[in-house]
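The values are calculated or read from the model by the stated rules, or taken from the named source; none is laboratory data. What you are looking at is a predicted structure, and each value in this text was computed from that prediction instead of being measured. Cβ placement follows ideal geometry from the backbone for every residue including glycine, while neighbour counts extend to all protein chains displayed. The protein model used for the area step is the full one, side chains on, heavy atoms only, and it has no ligands, DNA or RNA in it. Shrake-Rupley method; radii C 1.70, N 1.55, O 1.52, S 1.80 Å.
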Amino acid sequence: MDAAAAAGVNKRKRLDEAAPTAGAGELDLSAADAVEVLDLRAAKRLLLAFERRLRDNLEARMKYPDDPARFADSEIALHAEADRLRLLAGAPELFPDLVPLGLASSLASLLTHDNADLAAAAASLLADLTDSDDPDDLASVQALADALVDANALDLLVHNLSRFSEADPDEAEAVHNTLAVLENLLDLRPHLADKVCDGTKLLRWLLSRVKVREFDANKQYASEILAILLQNSPANQKRLGQINGVDGLLQAVAMYKSRDPKTSDEEEMLENLFDCLCCVLMPPENKERFVKAEGVELMIIIMKQKKLAYSSAIRTLDFAMTRFPPACERFVDVLGLKTAFAAFMGKACKQPSSFPFPALLQMIHSIPVNKKNKKESYQEELEERIISLIASLFGGITKGSRRMRLLAKFIENECEKIDRLMEFYTRYSERVREEIERLDSLDLEDLEMDDDERYNRKLEAGLYTLQLIALILGHIWHSGNSQMRARVELLLRQNKLTKKDVKDILEEYHDNIGDLDGPEEKERAQARTKEIIAAL
């Protein structure tokens, strides 16, 4: 196979732009035909030539530190050799043989070069060398990644983010390439997410970068890297909270409380920022920081504005209020119930007078879609999020005047919200029933599907949302209000259902409550569910 083709279109373009002219007696690998015959011997010669140019330049700099003219030629030659090393991107299978010869350590040393252009060239080169989508090359590229980590490349890359000035277009591109290297290393070795944040100031740099008001490609990339670092790392979620990250992320999303992103890239960045917010809200101490920073109030403002971030604001509130009563209490105190139940009733997507198109059509672009059309997919996701939010409110507010205000929402307007809740119940129970019938029709022995996998399939079909709806119904019944109970019983009869159907769903929910939040929280959740089941 053509090694140049394997390196990718972007890499090939850079090769064409930077192909040097070989000197007398040097291996000419700049020609397209020569790339096809790149082998270990040729790769070693490339690396040795690069190391020789690097050594010559360092010696010249040490000998004439105050006379740049005396080492300028050596830096031009070094830059050319670095560009020639880009050919290795087309032959990653050679990395394990080149690493012991100093490939990673030499490139890491170039990152520290006093000439920012050469440090930028190193970042660009590393972005190419560590980027591979071919599973056959994975082990080889991982070998290079491990060697780069051993050569302290993570620290050097993060240091260079602050070193480069993005006011210079070339150095702004160097920042982008540096972020690309970090992304590639995290993809190759996910465990580095904790290591790089523990030993460097990467989280601080990313946080400061996403808080910049002007949007550009590097701000988008910074939001993406930050989301990756937070996604599966409780340690990083706590670290970001400790450096005032919750408030910083709120400042970043607040820029969009009354306006929409202008491009699809800016939309993606905004979604990344909300992903970061939801991740950082996993630790309880960050939920507290969120409430103190008036995050609840900001999310309600965003919901009222009905802009693109509407659904993301609901999701963020749900994360903040899950198993954290103070957030639920604040939500009720700042009059969030009216806004939440407007969404619950499907009244949140009216067309604002200042827009020529419905707000829904402007918001759906950021919601991933599969076979469903955008409008259906957005509406379904919005429903599931608002149902989860209301379930969180019932779980967080167990007594007092706030509880009465929450329950009163289901009485007003002739119990219209109970009608809406039963509409959701019948729809999701039908989806789950269809999935159960589909699973029953399959040969489970051939699929090797155990009970856990079967349960997960049902959850994906809508069982989790159905369980939350059943929980809300249970809370309503548990309140003892005769008007609400009568309405629930009437609607159950009209749909040929009984309280036992609701109890069965809650029993299955009770039996599958996990201990992700610890055994004590599991016991509390099961006890609350048992109490609701008993009331039914």
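A few notes on this one:
- Per residue, the chain exposes an accessible area of 48 Å² to a 1.4 Å probe, with every protein chain left in place.
- Considering only alpha-carbon pairs that sit under 8 angstrom and 6 or more positions apart, the relative contact order computed for the chain is 7 percent.
- Here is the list for the stretch 258-341: trypsin sites (Lys or Arg not before Pro) lying in DSSP coil, each with at most 13 other C-beta atoms within 10 angstrom of its C-beta, are Arg259, Lys262.
- Spacing of the two label points (7 Å from each Cα toward its C-beta) at Arg259 and Met404, in nm: 4.5 nm
- Pairs from Lys499/Lys530; Lys257/Lys307; Lys409/Lys530; Lys347/Lys409; Lys238/Lys287; Lys201/Lys238 whose Cα-Cα separation, in the structure shown, is over 19 Å: Lys409/Lys530
- For the stretch 474-525, carbon and sulfur atoms together expose 45% of the accessible surface, with a 1.4 angstrom probe and every protein chain in place.
- Here the accessible area of the stretch 33-147 is 50 percent carbon and sulfur, with a 1.4 angstrom probe and all protein chains present.
- Using θ = phi - 60° and Karplus 6.51 cos²θ - 1.76 cosθ + 1.60, couplings along the stretch 454-467 (whole Hz; Gly, Pro as x): 4, 5, 5, 4, 5, 4, 5, 7, x, 5, 4, 5, 4, 5
- Rounded, prolate or oblate (a/c below 1.5 giving rounded, otherwise prolate when a/b exceeds b/c) for the stretch 177-241 by Cα gyration tensor: oblate
- Only helices enter this figure: runs of n ≥ 4 DSSP H residues, each worth -39500 (n - 2.57), summed and divided by the residues of the chain, yield -22000 deg cm²/dmol at 222 nm to the nearest 500.
- Karplus-derived 3J(HN,Hα) values for the stretch 395-411, using 6.51 cos²θ - 1.76 cosθ + 1.60 with θ = phi - 60°, are x, x, 10, 9, 7, x, 5, 5, 4, 5, 5, 5, 5, 4, 4, 8, 9 Hz; glycine and proline are entered as x.
- Matching label, mean projected area of the Cα convex hull in nm² computed from the structure shown, candidates [x] 24.3; [y] 36.6; [z] 30.6: [z]
- A Förster radius of 30 Å combined with the Cβ-Cβ distance from Glu380 to Ala235 puts the calculated FRET efficiency at roughly 0.30.
- The largest accessible area among Phe324, Phe215, Phe50 belongs to the first residue in Phe215, Phe324, Phe50, and the rest follow in falling order (1.4 Å probe, all chains).
- Residue separation of Arg52 and Arg493 scaled by 0.36 nm, minus their Cα-Cα distance, works out to 150.2 nm of gained length.
- Chain lengthening between Ile243 and Lys195 when straightened (0.36 nm per residue, less Cα-Cα): 15.6 nm
- Computed FRET value (nearest 0.05) for Arg457 with Ile76, which takes r as the C-beta separation and R₀ as 60 Å: 0.45
- Applying the criteria of a DSSP loop state and at most 13 other Cβ atoms within 10 Å to the trypsin sites (Lys or Arg not before Pro) of the stretch 186-247 yields Arg213.
- Gyration tensor verdict on the stretch 131-224 (Cα atoms; rounded if a/c is under 1.5, prolate if a/b is larger than b/c, oblate otherwise): prolate
- Gain in span if fully extended, Lys292 to Ala534, counting 0.36 nm per residue against the direct Cα distance: 83.4 nm
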